[in-house]
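Scroll down for the structure; my scribbles are underneath it.
The values are calculated or read from the model by the stated rules, or taken from the named source; none is laboratory data. Given the structure is predicted, the values throughout are model-derived calculations rather than measurements. Positions of Cβ are backbone-derived with ideal geometry, glycine not excepted, and every protein chain shown enters the neighbour counts.
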Amino acid sequence: MNTGTDAAVARTVLTHGPISRSALAVRLGLSPASLTRLTKPYVDRGILIELDDVVDGVGRPSRPLDVSPSLGSFLGVKLTADDAHVVLTDVRARLLDEIVVPLSSHEPSAIVAAIVAGRERLATSVAPLVGIGISIGGQTDGGIATYAPFLDWESVPIGDLVADATGLPVRLENDILALAEAERWFGVGRGLDGFAVITIGAGVGYGLIAHGEVVRTMDAGIGLGGHIPLEPHGPLCQEGHRGCSQAMLTSGSIAAQATTALQRPVDYDEVLDLAAAGDPAASAIVGASARALGRLIALAANLTLHADIVLAGEGMRLFTVAEDEVRSAITEGRDPRASAVRLHVDEGGFTAWARGAAAVAIQDAFDRL
């Protein structure tokens, strides 16, 4: 396994390639001689390839470096309470194929079977499968899911079990951290020194990138972003907090509020449809949630001193339906002298979650080069 500058060379070509040698040297702070010495082993092994000559900005020919397309494919799995969302990606986490496999139960053996079924049903002829990433809402320690409330798990070695069943390297990761890594390496976060990630859907997630790295602490996966006070007159969450982010922004809470107001069962998407059509009750609920989302975004920008915010998650349609109210609340929550918040909306839903799992598997594969 490579460490230090030589590993940084391969990672930089992966995340910023195709890239000229001169641009790569500047980005890494290396002399041309040092760069040649560090890249040669990767070129000799077929990990990096030289592309056809191009002319740079001063008229000199240059042969850009890129990663080889033959480096393999990767499986990303996002586990929810009901399904395994499985994607097949290339080495840059670009989607090749995807499938949703329903879970028959939360027993570890059933989860392993679902992941194996997803692997078998996705076409892997494009390139050999190199590794598997699995993301969960909860805490992880190596291949062990130490706490996964949506699956009612504690100390389940799901990563190790999948590795045994497939014979492939497996990376188990918290879903927010995995998504943040995908945005940092392959998404809107490329080149940004810092940004925050906010997700809404079945839960509310929060991640932070500072100095170009995802912030990782022992508290990641507890769900600390889920109980931030946002609306003093809002509904209660399951833990009795009034108007917290979970109560205001989760799809289940929004659907429950609308079910009570309309006196008939409605799901999350129907609430948003009704609000978009002008239904007064649904519009009031969605509007309150949109303003709460704007407050949360402003709070994240204020406390992190980063103006770039990535919005993602399977519930992101709330932003699409009520964008004006979200942005108005952001403005109200920011000092007028502060930089304008730059929103980067990922509407990939569960595909984006699963792509995050693939991204951390790709990171592990590059660490093994």
Discussion item. Checking the condition over 22 Å from the mean Cα position of the chain (by Cα), over 30 Å from Val170 (Cβ atoms) and of a type in the set (A, V, I, L, M), which residue from Ile309, Ile297, Ile254 passes?
Written reply: Ile254
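Residue-wise test of (1) of a type outside the set (Ser, Thr, Tyr); (2) in the same structural domain as Tyr147 (by TED's automatic domain parsing); (3) surrounded by fewer than 18 Cβ atoms within 10 Å (Cβ to Cβ).
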position: Val43; (1), (2), (3): yes, no, yes
position: Ile49; (1), (2), (3): yes, no, no
position: Thr89; (1), (2), (3): no, yes, no
position: Val101; (1), (2), (3): yes, yes, no
Fill in: Meets criteria (within 25 Å of Leu293 (Cα to Cα), surrounded by fewer than 23 Cβ atoms within 10 Å (Cβ to Cβ) and not small (Gly, Ala, Ser)) for Thr217
yes
Worksheet item: Which condition does Leu296 not pass, out of (1) farther than 21 Å from Val197 by Cβ; (2) buried (at least 19 other Cβ atoms within 10 Å of the Cβ); (3) in contact (Cβ under 8 Å) with a residue 40 or more places away in the chain; (4) of a type outside the set (S, T, N, Q), if it passes all the others?
Response: (1)
Worksheet item: Does any residue in segment 89-100 that is farther than 18 Å from Ile47 by Cα come within less than 7 Å, Cβ to Cβ, of a residue that is part of a loop (DSSP other than H, G, I, E, B) six or more places away or on a different chain, and which pairs are these?
Response: Leu96/Asp90; Leu96/Val126; Asp97/Leu122; Asp97/Ala123; Ile99/Leu122
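What helices (runs of 4 or more DSSP H) completely inside segment 272-332 contain at least 3 residues that are closer than 20 Å to Thr259 by Cα?
280-304, 317-321
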Discussion item. I'd like to check something: does segment 132-139 contain any residue that is assigned to a loop (DSSP other than H, G, I, E, B), touching a helix residue (DSSP H, G or I) at 6+ places or on another chain (Cβ under 7 Å) and under 19 Å from Ala359 (Cβ atoms)?
Written reply: yes
Worksheet item: Among the residues of segment 64-81 satisfying the criterion of being in contact with a Pro (Cβ under 7 Å, 6 or more places away or on another chain) and not in a strand (DSSP E or B), which is farthest from Ser135 (Cα to Cα)?
Response: Pro64
Worksheet item: Taking the condition loosely packed, with under 15 Cβ neighbours inside 10 Å, without any contact (Cβ under 8 Å) to a residue 60 or more places away in the chain and more than 20 Å from Ala352 (Cβ to Cβ), does Ala127 pass?
Response: no
Practice prompt. Please determine, by comparing only the residues of segment 26-38 that are more than 11 Å from Thr5 (Cα to Cα) and aliphatic (A, V, I, L, M), which one is surrounded by the most Cβ atoms within 10 Å (Cβ to Cβ).
Written response: Val26
Practice prompt. Quick one: in segment 150-162, of everything that is touching a residue at least 24 places away in the same chain (Cβ under 8 Å) and outside any loop (DSSP other than H, G, I, E, B), which residue is nearest to Asp367 (Cα to Cα)?
Written response: Gly159
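For every residue, the table says whether it meets (1) out of contact with any strand residue (DSSP E or B) (no Cβ under 9 Å at 6 or more places or on another chain); (2) among the aromatic types (Phe, Trp, Tyr); (3) at pLDDT 95 or above.
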position: Leu179; (1), (2), (3): no, no, yes
position: Leu224; (1), (2), (3): no, no, no
position: Glu231; (1), (2), (3): no, no, yes
position: Ala255; (1), (2), (3): yes, no, yes
position: Ala261; (1), (2), (3): yes, no, yes
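Per-residue answers, yes or no, for (1) within 14 Å of the chain's Cα centre (by Cα); (2) of a type in the set (Phe, Trp, Tyr); (3) surrounded by fewer than 14 Cβ atoms within 10 Å (Cβ to Cβ):
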{"site": "Glu314", "(1), (2), (3)": "yes, no, no"}
{"site": "Val321", "(1), (2), (3)": "no, no, no"}
{"site": "Arg334", "(1), (2), (3)": "no, no, no"}
{"site": "Thr351", "(1), (2), (3)": "yes, no, no"}
{"site": "Phe366", "(1), (2), (3)": "no, yes, no"}
Worksheet item: Listed residues Gly159, Gly203, Gly138; which is in the same structural domain as Leu318 (by TED's automatic domain parsing), within 21 Å of the chain's Cα centre (by Cα) and buried (at least 18 other Cβ atoms within 10 Å of the Cβ)?
Response: Gly203
Item to complete: Run down Glu173, Glu181 and say which single residue is surrounded by 18 or more Cβ atoms within 10 Å (Cβ to Cβ) and not in a strand (DSSP E or B).
Response: Glu181
